[in-house]
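Here the structure comes first, spelled out in structure tokens, and everything after it is commentary.
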Amino acid sequence: MAAFRDMEEVSQGLLSLLGANRAEAQQRRLLGRHEQVVERLLETQDNAEQGLREILAMEEEVAQSLLDAKERAHQGGVELQQLQEELQKAGEEDARVKASLDQLTRELEELKEIEAGLERQEREVDEDTTVTIPSAVYVAQLYRRVSKIEWDYESEAGMVKGIHHGPSVAQPLHLDSTQLSKKFISDYLWSLVDTDW
């Protein structure tokens with residue numbers, strides 16, 4: 001702004017000089033001043049252009065920084081979304097594992113109750129069999145000695161198998177309980193026993 005005022009003064013001075021028809025010295029002085037003003041104006045223009053270039057360079061840096069920040073924010077948003085999805089999946093897996101653990105805990109409690117019941121029954125059976133087993137063993141041994149029958153305990157279900165060791169020869173037994181009555185089987189087995197004592 002000062003440079004334009006100076007130019008205006010120089011211009012008015014030139015006009016007054018021409019109008020008054022003064023000496024050539026005053027004209028040279030004004031021309032010299034005019035050159036100084038033009039030089040200052042050019043220097044100011046150079047400085048302004050340099051400042052403008054620096055501002056443009058800074059604007060470019062800021063714009064690039066802003067773009068980089070936007071890209072980082074976008075990538076951060078994508079990573080955040082991935083982490084949220086992984087967290088959700090982990091939460092769902094945790095819920096499944098907890099449900100499975102709860103189910104297994106209930107089953108374990110049921111098994112403990114069953115085990116306690118079986119132990120109770122075993123104690124009761126032990127108490128009952130302390131008296132009945134010796135007598136049952138005695139009866140089974142007595143029946144084996146009397147009947148002389150060796151039973152095949154590995155036969156198929158519904159089959160009565162064994163060997164009767166008779167007075168002269170061993171005779172195999174093979175009776176189908178699905179086709180024969182229990183009474184017939186019992187009568188037949190007792191008929192093998194030698195009653196002549």
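The table below lists the values:
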item	result
Candidates E79, E86 - the one that is over 30 Å from E8 (Cα atoms), within 46 Å of the chain's Cα centre (by Cα), modelled with pLDDT of 90 or more and assigned to a helix (DSSP H, G or I)	E86
Qualifying residues in region 170-197 (those that are more than 60 Å from the chain's Cα centre (by Cα) and of a type in the set (G, A, S)) - the one nearest to V146 (Cα to Cα)	S191
In region 127-148, the residues that are at pLDDT 75 or above, at negative phi and either polar (S, T, N, Q) or open to solvent by 100 Å² or more (accessible area, probe 1.4 Å) (or both)	Y138, Q141, R144, R145, S147
Residues of region 149-197 that turn out to be open to solvent by 70 Å² or more (accessible area, probe 1.4 Å) and assigned to a loop (DSSP other than H, G, I, E, B), as a count	13
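The values are calculated or read from the model by the stated rules, or taken from the named source; none is laboratory data. Please read all numbers here as calculations on a predicted model, not as lab measurements. All accessible areas refer to the heavy atoms of the entire protein, side chains included, with ligands and DNA or RNA removed. Shrake-Rupley method; radii C 1.70, N 1.55, O 1.52, S 1.80 Å.
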